[in-house]
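A.B. asks: Before I ask anything, here is the structure I am working with.
Rule-based calculations on the coordinates, nothing more; no lab input. Model, not experiment: these values are computed from the prediction. So basically every Cβ, Gly included, is an ideal-geometry build from the backbone, and we count neighbours across all protein chains shown.
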Amino acid sequence: MTAPDAPRLARLREAAESLWPAATAESWDRVGLVSGDDAQPLARVLLAVDAVDATVTEALDWGADALITHHPLLLRGIHSVAEDTAKGALLARLIRGGCALLAAHTNADQPAGGVSAVIAERLGLVSPEPIVPHPADPTIGIGRVGVLAAPESLRAFAERVASVLPPTVSGVRVAGDPERRVRRVALLGGAGDSLLDHPAVRGADVYLTSDLRHHPAQESLEASAVSDGPALVDVAHWASESLWLEGAASRLASLLPGVEFRVSGLRTDPWSFAVGREGGGGAIPLS
């Protein structure tokens, strides 16, 4: 029998809202509780970047009462949760297993301790500020821009990035002269080509983000050739957002004593191996 004063899912939702208010999420985003009952007891919570078969299995095998992911499972509209669909099957497993599902996405990108802020901290940026400040609070916002303690080559910066991120098949891809001196850094965890033309990004020596597509990246580099814009550093989407999880778990644990929080050890970057790549490469283990 569960003690009357035992933590419940409602307290986890309250804690998450205090750290990552839903009102700070982008208008298109879908954050918060996806499935679960506020009254259900809470003893174990797993955090992961993605709600996929591997992390759902990990949560259920561990006996987690809730799974918090950065990426919302139901971000885009769906018309069925039948169990012969991928998302329907995951939701059914979670519900049958008594494991709630919550998402903290762009609301977790914005604050101190958020996705981009953690990357900036790990890279040692001095006085980082949001690239796009939030209208209600300019101290928070999307992305970060700051300076390194001392200038270094683009190659050295790329190696610094590689040293703080978990390894992935795609590694760290760089566009620019490896000997170029860089100090001012703009960055955005997750997909970031929407900010390639932002003044704060154009004014940086290097822009670090993920999922850069061919044409936007090429056009940015062509513009840089005539207007002294940034070099580009492209990293795996999952890797850039995975750094946030440890701090998120620690913050939640401080608000919910008695609840056990664990960060998933699984790599949910979708790529398994690469061939024919300049500089070699090979398979990266899944865990």
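A.B. asks: Once you treat every alpha carbon in the chain as an equal point and sum by Debye, what is log10 I(q)/I(0) at q = 0.11, 0.16 Å⁻¹?
C.D. replies: With no solvent term, the Cα-only Debye profile gives -0.67, -1.26.
A.B. asks: Test of understanding: extend the Cα→C-beta vector of ASP5 to 7 Å, then name every residue of segment 251-275 with backbone N under 16 Å from that spot.
C.D. replies: 256-259
A.B. asks: Would you mind checking the tilt of helix 244-255 against the longest principal axis of the Cα atoms of the chain, expressed as 0 to 90 degrees and rounded to 10?
C.D. replies: It is inclined by approximately 40 degrees.
A.B. asks: Over the alpha-carbon set of segment 15-98, divide Rg by the Kirkwood Rh and report the Rg/Rh ratio to two decimals. Please list the in-between numbers first.
C.D. replies: Working: Rg = 13.0 Å, Rh = 13.7 Å.
On the Cα set of segment 15-98, Rg over Rh gives 0.95.
A.B. asks: Let me ask you something else. When the helix-only estimate is applied to the chain (DSSP H runs of n ≥ 4, each -39,500 (n - 2.57), divided by the residue count), what is the mean residue ellipticity at 222 nm, nearest 500 deg cm²/dmol? Walk me through the intermediate numbers first.
C.D. replies: Details: 10 runs with 91 residues, N = 287.
Roughly -9000 deg cm²/dmol at 222 nm, from the helical runs in the chain.
A.B. asks: For segment 1-157, with only Lys/Arg (+1) and Asp/Glu (-1) charged at the beta-carbon, what is the dipole magnitude about the Cα centre, in debye rounded to 20?
C.D. replies: Values: 12 positive and 19 negative charges, 23 e Å.
Result for segment 1-157 is approximately 100 debye, rounded to the nearest 20.
A.B. asks: Right, here's the next one. For ASP137 and VAL275, what does the FRET efficiency come to when R0 = 41 Å and r is the distance between their Cβ atoms, rounded to the nearest 0.05?
C.D. replies: Details: r = 47 Å, r/R0 = 1.14.
Given R0 = 41 Å and the Cβ-Cβ separation, E is 0.30.
A.B. asks: I'd like the FRET efficiency for SER254 and ALA225, computed as 1/(1 + (r/R0)^6) with the beta carbon distance as r and R0 of 45 Å, rounded to 0.05.
C.D. replies: Values: r = 48 Å, r/R0 = 1.07.
Taking R0 as 45 Å, the efficiency between SER254 and ALA225 is 0.40.
A.B. asks: Volume per residue, Å³, of the convex hull around the alpha-carbon atoms of segment 84-187? Walk me through the intermediate numbers first.
C.D. replies: Numbers: hull volume 16.6 nm³, N = 104.
Taking only Cα atoms, segment 84-187 has a hull volume of 159 Å³ per residue.
A.B. asks: For segment 1-146, give me the percentage of DSSP beta bridges that are antiparallel, rounded to the nearest 5 percent.
C.D. replies: Details: 8 of 16 bridges.
Percentage antiparallel, nearest 5: 50.
A.B. asks: For a bin width of 10 Å, list the pair-distance distribution of segment 1-142 built from all Cα-Cα distances, rounded to whole %.
C.D. replies: With 10 Å bins starting at 0, P(r) equals 11, 37, 32, 17, 3, 0.
A.B. asks: About its Cα centre, how strong a charge dipole does segment 208-255 have in debye, to the nearest 20, once Lys and Arg get +1 and Asp and Glu get -1 at the Cβ?
C.D. replies: On the way: 2 positive and 7 negative charges, 47 e Å.
Here the size comes out at about 220 debye.
A.B. asks: What is the magnitude of the charge dipole of the chain about its Cα centre, with +1 placed on the Cβ of each Lys and Arg, -1 on the Cβ of each Asp and Glu, and no other charges, expressed in debye to the nearest 20? Can you show the working numbers first?
C.D. replies: On the way: 24 positive and 35 negative charges, 60 e Å.
With Lys and Arg at +1 and Asp and Glu at -1, about 280 debye.
A.B. asks: At 7 Å along Cα-to-Cβ for each site, give me the label-to-label distance between GLU179 and ARG93 in nm.
C.D. replies: For the pair GLU179/ARG93, the computed spacing is 5.2 nm.
A.B. asks: Specify which residue in the list SER264, VAL233, TRP244 is farthest towards the positive end of the charge dipole of segment 222-281, using unit charges on the beta carbon of Lys, Arg (+1) and Asp, Glu (-1), about the Cα centre.
C.D. replies: Farthest towards the positive pole: SER264.
A.B. asks: Can you say what percent of the DSSP beta bridges in the chain, counting only those with both residues inside, are antiparallel? Round to 5.
C.D. replies: Numbers: 19 of 40 bridges.
Of those bridges, close to 50 percent are antiparallel.
A.B. asks: Over segment 138-215, with a single point scatterer placed on each C-alpha, what log10 of the ratio I(q)/I(0) does the Debye formula yield at q = 0.16, 0.27, 0.28 1/Å?
C.D. replies: -0.61, -1.56, -1.60
A.B. asks: Averaging over all projection directions, find the projected area of the Cα convex hull of segment 184-287 and quote it in nm² with one decimal place.
C.D. replies: On the way: hull surface 36.1 nm².
So the mean shadow area of the Cα hull is 9.0 nm².
A.B. asks: Next question. Taking the Cα centre of the chain as the origin and placing charges on Cβ (Lys, Arg +1; Asp, Glu -1), which of VAL31, PRO151, VAL275 is farthest toward the positive end of the dipole?
C.D. replies: PRO151
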